[in-house]
Every structure is written in C-alpha cells, then in structure tokens.
1. Count charges around residue A:43 for me, please; just the other residues with Cβ under 11 Å from its Cβ, Lys/Arg as +1, Asp/Glu as -1.
2. Give, rounded to the nearest 20 debye, the magnitude of the charge dipole that the stretch A:107-229 has about its Cα centre when Lys and Arg contribute +1 at Cβ and Asp and Glu contribute -1 at Cβ.
3. Per residue of A:356-362, how many C-beta atoms from partner chains lie within 10 Å of its own C-beta, taken as a mean?
4. Pairs of Cα atoms under 8 Å, at least six residues apart: use those to get the relative contact order of chain A, whole percent.
5. Over all directions, what mean area does the Cα convex hull of the stretch A:233-466 project, stated in square nanometres?
6. With the crude spin-label approximation of a point 7 Å out along Cα→Cβ, what separation in nm comes out for residue B:44 versus residue A:232?
7. Give me Rg/Rg_expected for the stretch A:197-276, where Rg uses Cα atoms only and Rg_expected = 2.2 N^0.38 Å with N residues.
8. Can you tell me the length gained on complete extension of the stretch residue A:184 to residue A:196, counting 0.36 nm per residue apart and subtracting the Cα distance?
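Computed from the coordinates by the stated procedures, all read-outs in this text should not be read as laboratory data. Computed from a prediction, not measured in an experiment: that's the story for all the values here. Cβ sites come from the backbone with ideal geometry, for glycine too, and all protein chains shown count toward neighbours.
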Amino acid sequence: MAISSDTHPSPAARRAFAAIVGDDNVFFDEQDRLAYQDKFAVDDALHHPAGAVAPATVEQVQAILQVAGERGIRLWPISRGKNLGYGGSAPVLAGSVILDLSRMKKIEYDPANGTVLLEPGVGFYDLYDFLKTKGMKHWLSVPGNSWGSVVGNALDRGVGYTPYGEHATKICGMEAVLADGSVVRTGMGALDGAPTWQLYRFGFGPGWDQMFVQSNFGVVTKMGLWLMPAPESLMGMDLEFDRPEDLGPLIDAIAPLRREGLLQQSPTIGNWLRAAAILTTRGEWTDQPGALADNVITAIRKKFHVGWWGVSLRLYGRETVNKAAYAILEQEMAKLKPMSLRPAIWKAGEALEATGWTGTPLTMPMQNANWHGGRGGHVGFSPILPQSGTAAMAQFQRTYARYKEYGMDYQASFAFGERHLINVNAVLLNKDDEAMMKRVDPFLRQLIIDARAQGYGEYRTHLDYMDHVADTYDFNGGVMARLNRKVKDALDPQGVIAPGKSGIWPSSMMEQAI
Amino acid sequence: MSRQAWTLLAAPLLLVGVHGCHRSSEAPGAPDGSPPLSAPETVLSRPDAGPGEGLYLEKCAMCHGPGGMGSGLLARRNDQPLLTKRTDLTVDFVVQAARTGIGNMPAIPRGEVSDADMALIADYLVSAPGAAR
C-alpha cells in the first residue's frame with residue numbers, strides 16, 4: 001500500500017487532545033516526531049509519525065478515539081514502543097499520531113492463582129520489581145530485549161525462555177477499546193464482576209483474546225497473564241555443537257522431548273554470531289565487506305569458545321522430578337556428541353543466574369546493534385517451520401546461501417514451540433554503509449519469497465513487510481486478508497486504529513490507494 | 001536470544017562450587033560488555049534513592065546499569081561505562097543524548113520520560129559523579 005496519511009492533526013485537533021490529557025501529554029514538536037521514529041529503520045524516510053498523545057486512563061483512550069474518528073486522524077497505539085527490529089514506536093502509515101500508552105502502568109496481582117492484570121505501560125522491569133516486593137512467588141518470562149512492555153510483547157507474540165515463554169498463549173482475558181469508543185472485555189471479563197476473568201480464557205461463545213493480538217481491531221488497555229510459580233529447582237545444561245550440519249540431529253533429538261513434555265521450556269538453538277555479535281564487533285576481526293569468511297568465523301568461535309550452534313536446556317519444578325528428567329536429557333544429548341556439555345544446577349535459596357532462563361529482565365542482547373561498530377540495528381525475519389531437522393537444515397542452508405549472496409552476516413536461531421520452530425533471523429544493519437543498506441530491503445523481500453516457496457510464512461515482521469508477509473498467507477485467493485478487512489470495515493471503517501498493522505487496511509483506504 | 005553469551009558467562013556463576021568458573025575473570029555484572037550475572041539494578045535496589053536517582057533507576061538503569069546494553073557498548077569506547085560514575089556529563093548533554101538518541105541508543109520520547117523527570121535524571125547524573133552508589 002503506497003499511501004500516507006494526509007490527516008496531520010490541525011491545531012484545533014491538538015487542542016482537543018490536550019483538553020483530554022493535558023498540555024504536558026501532547027507531543028507535536030519536531031523533536032517529538034523524531035523521537036517516535038524507528039531507530040532501526042531500513043529506510044529512514046519511511047514511517048514518520050505526526051506526533052504523539054499519551055493518555056493515562058481508559059476513559060482518555062476512549063475520548064482520544066472519539067476525537068480521532070471525528071477528525072479523520074489515524075492513531076498508532078504503542079505500549080512502550082520498544083518493538084525494536086519490527087518498527088519500534090513508529091507507525092506503518094506516515095502521518096499517524098502515536099497513541100503512547102506508556103503512562104498506563106497499573107498492576108493487579110492474584111498470588112493465589114498466579115495471574116496479573118496489566119496495563120500496557122508496565123515494563124518487564126516494572127513487573128520484576130513488583131513481584132520482588134511480593135516475595136517472588138512467581139517468575140516472569142522475558143524476551144531478549146526486556147526494555148519493553150509485557151503487554152506489548154505478548155500482543156506481538158513475543159517469546160521468552162521459560163515454560164511460559166510463548167507469551168501470547170499465556171494471555172487470559174483482555175480489555176480493549178474499539179474505534180467507536182466502546183470498551184469490551186474478553187473471556188470471563190464479559191460477565192460483569194466475574195472473579196474468573198484471569199482464570200478461564202474462553203468465556204461463552206467465541207473467544208476473542210487472539211482477535212486483538214497482532215491486529216488493529218481495538219486498543220488493548222488491560223491484559224490478563226498467567227505467571228509461572230517459582231520453581232523449587234532448576235536443572236539443565238548448556239551445549240555447544242561444532243558443525244553447521246549438527247543442527248538437524250539436534251532438532252530431531254529435542255523435538256520429541258518437547259512434545260512429550262519432558263522438556264517444558266522452549267529452547268532456542270542459536271548460531272555462533274548470536275553470541276559473538278553481543279561480545280565483539282566485526283571490525284575487530286576483518287575489514288573485508290560481504291559475508292564473513294569461514295576463517296574469520298573460526299577465529300571468532302575459538303576466541304569465545306562457542307560452537308557453530310549452541311543451545312541451553314532447562315528443567316523447572318520439583319527437584320526430584322528434575323533429577324529424573326535430567327538423566328534422560330543428558331543421555332539423549334550425549335548421543336549427539338556435543339563439543340561441550342556444561343550442567344546447570346540450582347535450588348531455591350541459592351544464588352540465581354540473572355538470565356532469561358530465570359525470567360530476569362535484561363537488555364544486553366541488544367548489543368548486537370553495534371556489531372558493525374557504528375550506527376546499527378537489526379531487522380527480523382522469522383518464518384515458522386515444522387519441528388523437523390531435515391526442514392530446519394534445508395532452511396538454514398537456503399537462507400545462509402542468500403546471506404552470502406547479498407553480503408550479509410548470518411545471525412539466526414531456531415526457537416522451539418510445542419509443535420513448531422521459529423527460525424528467527426536478526427539481520428544486522430550498518431546504517432553507516434550505504435551500499436549495504438541498499439541491499440537490505442531486496443534481501444528481506446527475497447527471504448520472504450524463498451520461505452513462501454517452501455510453504456512457510458513469518459510469525460511477525462517489520463513495518464516495511466507487513467503487506468508483503470500478509471500476501472503470503474494466500475489460501476483460497478487470500479481469503480484471510482478479505483476476512484480481516486471485513487472485520488476492520490465492521491469495527492473501524494475509517495481506519496482510525498493502526499491502519500496497515502499486519503497488512504490489515506479498511507476498504508476505504510484500499511480505495512484511496514487506488 | 002543470547003543463548004551462547006549467557007552460556008559463556010552466566011552459567012559459570014550458577015555452577016560456582018560445583019564445576020568451577022571457566023571464565024572466572026568476569027566479575028558479576030561487570031560493565032565491560034559482559035552479560036549480567038547478578039540481578040539487575042532496579043528501583044528496588046536503592047530504596048532510599050532520591051527523586052532523580054529513583055527516576056534514573058526506573059527509566060535508565062535497565063540499559064545503563066551494570067550488565068545493561070548501554071553499559072556494555074559504552075565500555076567499548078569509554079574508560080568509565082557507567083553513567084553514575086562519569087565525571088564529564090553535563091545536563092545539556094544528558095538531555096540531548098536521551099531526546100535524540102546517540103550511537104545505538106534510541107531516542108527517549110517525552111511520553112516515556114517527561115521534561116520535568118528528564119531534568120531530575122540529568123541533575124542526578126551530573127550532581128554527584130563518582131559517588132559511591
């Protein structure tokens with residue numbers, strides 16, 4: 001869709017926003033517009049917002065939607081705007097007004113049932129501190145960049161590393177404001193006063209939680225989430241594998257353990273660069289352009305003692321159960337002859353590792369933005385694969401060849417779900433290298449095409465590729481896109497809420513584009 | 001996400017007394033680009049913090065505390081990567097860097113940190129450099 005918003009808010013509209021949230025929470029200076037742009041953009045000329053407005057309450061969100069609807073203003077809701085690699089706080093449609101929900105920070109906690117009800121501005125560090133004040137009876141699941149919002153991450157189907165790491169599946173009940181200003185609550189929340197809103201996901205009739213995930217059908221103002229009870233014991237191992245071809249057997253060894261439930265977390269197999277890009281910069285190893293040569297890769301691996309692939313497995317829960325499961329894990333992994341296998345053992349009361357496996361928030365992995373040494377960033381490419389070593393190896397080889405063809409350094413991982421793999425690629429950008437930046441967009445589009453040719457589609461993508469990825473979901477002539485548009489037309493015919501999110505546009509804007 | 005980095009540097013802490021530290025030179029939370037080994041610095045870490053310090057912990061410490069992204073990257077180009085230990089910061093520099101972004105750091109919009117709060121954070125970082133915190 002090559003359209004942009006021509007509905008920058010007039011002075012009168014800005015005054016109307018200010019009347020709702022106060023002058024101090026309306027942001028339309030040049031510096032404000034710049035601050036909400038995408039720091040990791042492939043093309044810095046795209047996705048510029050018109051400004052921002054920051055409500056603190058649901059009632060203010062309703063009032064802002066009313067003003068926007070009356071004046072034809074497009075809003076782009078963000079929770080905390082840290083969706084780096086996928087667009088950050090920037091909108092698909094240039095000229096949209098950022099609806100910044102970062103001031104909405106209420107937390108309700110049910111320690112008996114292990115649930116929270118969160119507003120979008122609650123960050124992982126906020127929730128971490130909150131749970132510490134309550135005795136850390138429950139653990140978080142955090143993504144590699146924990147700077148952002150708990151709600152926002154779950155809404156974009158972010159993942160973590162504990163048994164609760166598939167965040168969108170831990171959602172239980174939401175509150176959302178529709179474009180017409182009405183406030184809806186999903187699941188048992190539809191029954192006024194129900195004490196089971198955060199306990200039973202489905203309610204009666206259709207379950208609508210997922211309707212608001214990765215969509216633009218409403219503005220989510222509250223989300224229920226289940227938290228993992230703090231385990232008595234943590235056991236596992238960190239493994240390194242020496243050869244690229246070790247990937248397939250490793251996947252085929254882990255997958256049945258994951259499906260069986262012996263392994264309940266979602267392990268992520270990462271390549272050597274995922275570690276190295278955090279620990280060093282490219283310029284320390286080579287000044288040659290193009291994809292890294294094998295001898296350079298070997299030198300970096302040797303310095304940091306990393307395998308071509310590595311994975312960490314963790315068991316959570318009762319110590320006696322973990323010990324029994326650990327013996328099986330150790331036996332199965334030893335068959336693969338890893339280059340190293342380091343056990344990890346922890347019991348309640350001992351010092352705890354501050355990593356994603358313990359749900360401790362962290363930002364250190366974002367250091368990969370500095371891989372090229374200057375202004376950098378990364379853009380995600382993340383197709384969903386079956387849990388098959390053969391399929392993963394083929395995807396790896398096909399993708400790695402494309403990286404070499406386009407002269408890019410290959411950083412990738414294969415993250416387990418219960419039945420699927422996500423092949424997460426972080427395409428590392430050097431924004432000081434004009435020639436490279438010109439290659440990035442065609443490279444990413446090629447990767448999407450390659451994946452589609454295998455029947456694979458991405459689970460999440462950057463603003464630039466939302467239409468492109470949506471087009472790959474093409475069963476029956478793209479009927480899913482038509483269904484999404486019908487829903488959008490019914491709920492938000494003007495496209496007030498996040499037009500273009502996940503490739504969903506109302507018909508009125510499709511006609512405008514034509 | 002950071003599987004191998006955690007593995008390399010974090011796992012040994014977990015195993016102290018069991019298998020030893022294979023990279024024992026890495027101090028927990030060392031602000032030298034190493035991953036965090038100890039719990040992150042948060043608002044709860046300093047219950048007696050003043051207003052500016054509390055805001056720094058809430059808004060900045062996730063990246064600029066020990067083990068954070070900002071500290072790790074600043075360690076590559078500055079002898080003192082921790083902002084709270086720097087002696088060369090000015091209010092104008094702190095505000096400008098935060099509002100426009102710098103290096104790999106994204107800009108911090110006013111919706112996230114108000115001008116009043118940003119001023120308190122900058123005053124805190126400038127007023128007591130190098131103090132034992």
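1. Net of charged neighbours comes to -2.
2. Charge dipole, the stretch A:107-229, about its Cα centre: 300 debye, nearest 20.
3. 5
4. Result for chain A is 17 percent.
5. Its Cα hull, projected and averaged over all orientations, spans 12.8 nm².
6. Result for the modelled spin labels: 2.3 nm.
7. Cα-based Rg divided by the globular estimate yields 1.63.
8. 2.7 nm
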